[in-house]
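Here, each number is a calculation from the coordinates, and none is a lab measurement. Everything numeric in this text was worked out from a predicted model, so none of it was measured. Here the Cβ positions follow ideal geometry from the backbone for every residue, glycine too, while neighbour counts run over all protein chains shown.
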Amino acid sequence: MSVPHDDRTAERDYPLPHPDNPQREDVDRLRSTLTAIDAEVAALYDRLTTDIAALTARLDSDVADLSAVSATVTDVSETIAVLSGGGRTPLGSAAYLDLSQVAGLFEVTHAASATLTTLPLRRCERATAVLTLTLPPAADCPPGWHRHVLAQGGVVTLAAQGGDTIAGSASLALAQGQTALIVRTGADTFARY
């Protein structure tokens, strides 16, 4: 016996019941639909579980990388803390650190558009005007690369290069007063937190 009304869902083509169909036929159609939905939900759950495990592993690796960078920053901070007169301090037997070279390692103020560096240090990019900050190519950034961006002078546009994306887009706008943590998450991707 054929079903008089073979209504289907628009997206997944699941069989739907209809008031004019015999109840026995519609029960079979509903069972078929629920079985198909159950299989798709199970597949999505498996994929989500796999994706979460991969993301967790990547975050663990990034945290380890950030810990290593943090130790380097702490070493530099401690070296700066023992500065003596003249703004220079010994770094080993023959090298010296000039404070003018260190000033921009931790916070940079931007009054005009600029391209950010790939330095693997914790860094705050403070924008004091309406401008564009262009991210370096993600592939050139070391694991754990990140920047904290503060929009303090109007709208700041963060722009990715080439085929890179920021939270799935080629650019991201921060309104006056907004902040964002931009983290390299792949060879061509950055995330916003």
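For the range 1-53, relative contact order (Cα pairs under 8 Å, six or more residues apart, normalised by length) works out to 25 percent.
A protection proxy built from the mean count of other Cβ atoms within 10 Å ranks the segments 135-142, 31-38, 106-113, most packed first, as 135-142, 106-113, 31-38.
List the relative contact order of the range 122-193 as a percent without decimals, with contacts defined as Cα pairs under 8 Å and 6+ residues apart.
Numbers: 174 pairs, mean separation 24.2, N = 72.
Relative contact order for the range 122-193 comes out at 34 percent.
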